[in-house]
1. Taking the Cα centre of the range 1-77 as origin and charging only Cβ (+1 Lys, Arg; -1 Asp, Glu), how large is the dipole, in debye to the nearest 20?
2. If each of Asn132 and Phe114 carries a label point 7 Å out from its Cα toward its Cβ, how far apart are those two points in nm?
3. Could you put Thr95, Thr165, Thr29 in order, starting from the residue whose Cβ has the fewest other Cβ atoms within 10 Å?
4. Could you size up the charge dipole of the chain around its Cα centre, putting +1 on the beta carbon of Lys and Arg and -1 on that of Asp and Glu, and report it in debye to the nearest 20?
5. Quick one: plug the Kirkwood hydrodynamic radius of the chain (C-alpha pairs) into Stokes-Einstein at 4 °C, 1.567 mPa s, and report D in µm²/s.
6. Would you mind computing, in nm to one decimal, how far apart the modelled labels at Ser199 and Ile85 are, each placed 7 Å from Cα along Cα→Cβ?
7. What distance in nm separates the two pseudo spin-label positions at Leu5 and Thr36, each 7 Å out from Cα along the beta-carbon direction?
8. Hey, can you list the DSSP H helices of the chain whose Cα span along the axis is 24 Å or longer and whose average Kyte-Doolittle score is at least -1.0?
Amino acid sequence: MQDLLAKYGRVTQLLPEDRKVFSSLATETREYARGTRLSTDEFEAPDRLWIVERGRLFASQDLPSGARAITRLYFSGDIVGTANIPFHKSTQTITVNSEAVLYHFSRRKLVDAFVNMPRVAAIFYTFAALENAILNDRLVSIGRTRGRARLASLLLEISSRHNLTFLEPPDRFDLGLTQAQIGDAIGLTDVQVNRLMRSFDRAGLIHRDNGRVQLLDPGKLAEMGQFRDRYDDLDLEWFEEDHK
């Protein structure tokens, strides 16, 4: 729960009552093994939500061709399953991608929090809209840019998300994805991803070491990937004016 509060606190000053409401959403945790599917597309009723205390997850959809598209990446401090809230059945499969500890709670608790604390609803909506903007950027990248640009943009997205909650040096992070999963996220094969990663290494853009990545030239990567850090674009004045 501390990472969720830290993430929200990085972009807006949380009031004591905000912290109390977010902390009260979920009080029970459970450990999940890598590969666990929390919800399966079109099968499970999406009543449950999760807050990531530790670990990495992703949301995906299986395509008729047998391929898979990874649509969202989840990090420590994220609320998982919000895309399913309005529907009778899950719209995506959510998979635990590393050993994880998750808080869990019903979507009814979220409704109660929104009714009692409109500012909490505004913060929640802001991050939901932010996730949609990030996903939209990736879809545009997949549809209109080459493989190098897609990979550069994804690496910067992961770095930006990681920097919200971790105190490690910026631009250095656990990749947390296999090359096949990276391909599923940006519309490439694992062979193409492998070739591009090696070319980034040789060009001095990144350094890799046992699953960790350091961005050596984030400016060049941002130019290559036409990347915009959406966290820098946030405008929170619309719900903070009464609390200054």
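1. The calculation lands at about 360 debye.
2. For Asn132 paired with Phe114, the spin-label model returns 1.2 nm.
3. Taking fewest neighbouring Cβ atoms as first place, the list is Thr29, Thr165, Thr95.
4. Approximately 660 debye in magnitude.
5. Roughly 69 µm²/s, to the nearest whole number.
6. According to this spin-label approximation, the distance is 4.1 nm.
7. Modelled inter-label distance: 2.4 nm.
8. 118-144, 147-165
Read the figures in this text as sums done on the coordinates, not as results from a lab. Source: prediction; values computed, not measured. Using ideal geometry, Cβ is built from the backbone for each residue, glycine included, and neighbour counts are taken over all protein chains shown.
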